[in-house]
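The values are calculated or read from the model by the stated rules, or taken from the named source; none is laboratory data. Owing to the predicted nature of the structure, the values given are computational and were not obtained by experimental measurement. Please note: Cβ atoms are built from the backbone with ideal geometry, for glycine as well, and neighbour counts cover all protein chains shown. SASA here: full protein model, heavy atoms, side chains in, ligands and nucleic acids out. Shrake-Rupley method; radii C 1.70, N 1.55, O 1.52, S 1.80 Å.
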Amino acid sequence: MDFSGNQAINSIGIQTSNKLLVGTLSGDIFRTSDFGITWDGWEAAVPSTGITSFLKTNEGKLLVGTDGKGVYYLKADESGWMEISKGLSNQIVTSLTQHTNGNIFASTFGGGLFVSTNEGTSWETTGQKTGQLRKVAVTKDGLLYIVENNVGILSSTDFGISWSRILTAPVRGLFISKHGYVFTSLGYTDTTSSIYFSKNNGVSWVKSNTQTITSVISSFAEDSL
């Protein structure tokens, strides 16, 4: 497979400290070990479907979420991928994250939030059983956040059993910084975005940008500084 940079990239992840991954809307996965100068296509690919997310677990297992075929993990010898979607009644997975207690959460578009207590071998529903979710994220203190598509942000302090709304707005992106700040991008039109952040777990929000951002922002990243 050839990666020219023209493919529609849907997700970015890290396999090892020097190996970056990208997943495309067509279901291909590409890797680079030279900071993006060259890319290799992963021949042992996930069944053709959009790659929505990557998760490197605390145990070292690499998981991918897909747009319609659930969750897969990479075999130890990297010879292929194994499906681990038992109990995942909605397989349109939009994001994956691992809680501080080791549980893995999967947000889905239309089926709410699922949790696995055994590294993805099986899945169960959480207190959020419905909803078109775009993102799930967790702070270092164990506070969970989910994004409802164009509705807002919910938070949970009890591992996803109960939820409280902390923002009602057309949310597109969500990011938790290493300091625990919550960043979100709001899109009131199809071509512009505004960035807000909260230092108090969503009690209050501050607008970050002073000028109009004429693009759609759906993801964030943080450097090591």
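Some points to look at:
- Note on Tyr73: accessible area is roughly 60 Å² with a 1.4 Å probe, heavy atoms of protein only.
- Taking label points 7 Å from Cα along the Cα-to-Cβ direction, Ser79 and Asn18 give a separation of 2.7 nm.
- Long-range HN-HN contacts of Gly152 with modeled amide H, under 5 Å: Ala169, Val171
- Mean Cα-pair separation over length for the chain, i.e. relative contact order, pairs under 8 Å, 6 or more apart, %: 9
- Residues in the chain average 50 Å² of solvent-accessible surface per residue, probe 1.4 Å, ligands and nucleic acids excluded.
- Counting only Cα atoms, the size of the chain along its three principal axes is 48, 39, 32 Å, in decreasing order.
- Stretchable slack from Ile9 to Tyr188, in nm (0.36 nm times residue separation minus alpha-carbon distance): 62.1 nm
- D (Stokes-Einstein, µm²/s), Kirkwood Cα radius, the range 103-225, 1.306 mPa s at 10 °C: 107
- Relative contact order %, the range 1-123, counting alpha carbon pairs below 8 Å whose residues are six or more apart: 16
- Other residues within the sphere of radius under 15 Å centred on the Cβ of Ser185, judged by their own Cβ, net out at +1 (K and R +1, D and E -1).
- Carbon and sulfur %, accessible surface of the range 64-190 computed with the full protein complex present, 1.4 Å: 47
- Note on Ser215 and Asn118: the model spin-label points, each 7 Å out from Cα along the C-beta direction, lie 4.4 nm apart.
- Computed accessible area, Phe183, all protein chains, 1.4 angstrom probe, square angstrom: 50
- Ellipsoid semi-axes for the range 34-158, based on the Cα gyration tensor and the rule √(5λ), read 24, 16, 15 Å when sorted largest first.
- Lys, Arg +1 and Asp, Glu -1 on Cβ, resulting dipole of the range 45-129 about Cα centre, debye, nearest 20: 140
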